[in-house]
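The values are calculated or read from the model by the stated rules, or taken from the named source; none is laboratory data. Since the model is a prediction, treat every value here as computed from it, not as a measurement. Using ideal geometry, Cβ is built from the backbone for each residue, glycine included, and neighbour counts are taken over all protein chains shown. Heavy atoms of the whole protein, side chains included, go into the accessibility calculation; ligands, DNA and RNA do not. Shrake-Rupley method; radii C 1.70, N 1.55, O 1.52, S 1.80 Å.
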Amino acid sequence: IRDTVDGLDAMAQALSKILQTERFVWPIYDAQYGNDLSELIGKSMPYAQNEVERMIKEALMADDRVTGVTINSVTAVSGNTLAVSFSVDTIFGQLAQESEVTVA
């Protein structure tokens with residue numbers, strides 16, 4: 001281990017990890033850690049556009065350092081991919097985040 005991060009940099013790392021980890025798959029994490037975005041695979045695009053907001057908010061708010069999540073936009077970038085832009089308020093400050101979710 002060469003370096004460690006804390007504060008806002010550590011939060012950015014934690015948020016990225018939450019969005020990359022599928023919930024209920026890895027036994028080392030409790031039932032609150034990770035996301036349910038894989039449930040959107042095979043769903044219609046209008047359904048996925050509505051649910052992706054709820055799923056991202058729910059996943060990130062499980063971290064007690066997160067005080068709020070604001071979804072700025074959900075845009076279909078292809079027939080099966082959504083681009084989500086959002087802001088996360090944390091006890092260390094605010095972070096702007098973007099994520100892509102594939103539903104096919």
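A 1.4 Å probe run over the protein chains yields, for the chain, 61 Å² of accessible area per residue, whole-number rounding. Helix 7-20 axis versus longest C-alpha principal axis of the chain: approximately 30°, rounded to the nearest ten. Relative to the dominant Cα principal axis of the chain, helix 45-61 is inclined by about 10°. Applying a DSSP loop filter and a limit of 12 other Cβ atoms within 10 Å to the chymotrypsin sites (Phe, Trp or Tyr not before Pro) in the chain leaves 24. Placing +1 on the Cβ of every Lys and Arg and -1 on the Cβ of every Asp and Glu, with no other charges, gives the chain a dipole of roughly 160 debye about its Cα centre.
For the stretch 17-75, trypsin sites (Lys or Arg not before Pro) meeting the loop criterion (DSSP other than H, G, I, E, B) and having at most 15 other Cβ atoms within 10 Å: 43, 65. Considering only 5, 66, 33, the residue lying farthest towards the positive end of the dipole of the chain is 33, judged by Cα position with unit charges set on Cβ. Mean residue ellipticity at 222 nm, helices only, the chain: -10000 deg cm²/dmol; runs of at least 4 DSSP H residues each add -39,500 (n - 2.57), and the sum is divided by the number of residues.
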